[in-house]
Amino acid sequence: MEGAFFAYLARMRYIRRWGLMRSTEPENVQEHSHMVAVLAHALAVIRRDVLGGEADPEGAAAAALFHDAPEILTGDLPTPVKYFDPEIRSAYRRVEELSAERLLSMLPPSMRPAYAPWLRENYDPGTRALVKAADKLSAHIKCLEELKAGNAEFRKAAGQTRQALEEMALPEVDYFLEHFLPGFQLTLDELEGPPASPS
């Protein structure tokens, strides 16, 4: 139905992630997409402002916000199932493409060109790499948070996601891992640091 696009997007919060895992804190696709957008924006800023490369932080953030939008209609297929064999992955990719087209059809024709690149993932390879890295980084952070809460269920996933991040060999990812990732393993008191000494 035309006009249902944003109402469907709002339902991302009902789609749970990590379906095969016991989580201390459930995560939904809407929460994940927000975090991926924050991280993709950060990685693009690091690439542009710290490392002197070319990047579009706002474009990376927009791409990340919509990177899992097709799951509104398909649901979140657990990673072990999605990547079980190439045929399943190819078939699921086609389902995601059809879902993206269905979502686009819910917009007035005049608005579709503005959303089509994000839903179809039709943007430059540099942005694509940053969104993919941010997606994996978000998953790794989730694993670290679960481990910090004493949930050993995420130990293997934490190792796998960290290895995947390192294998990407992206300088902006390495920078984030060195400078920002340690903060996710601290308590709130540790993040705030020692109290200021009285003057």
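Per-structure values
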{"quantity": "Two-decimal Rg/Rh across the range 135-199, once Rg and the Kirkwood Rh are taken from alpha-carbon atoms", "calculated": "1.10"}
{"quantity": "log₁₀ of I(q)/I(0) at q = 0.15, 0.19 Å⁻¹ - the chain, Debye sum with one point per alpha carbon", "calculated": "-1.02, -1.46"}
{"quantity": "Qualifying trypsin sites (Lys or Arg not before Pro) in the range 22-62, DSSP loop, other Cβ atoms within 10 Å at most 16", "calculated": "22"}
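Every number here is computed from the coordinates shown, using simple stated rules; none is lab data. Because the structure is a prediction, the values reported are computed rather than measured. We place every Cβ from the backbone using ideal geometry, glycine too, and count neighbours over all the protein chains shown.
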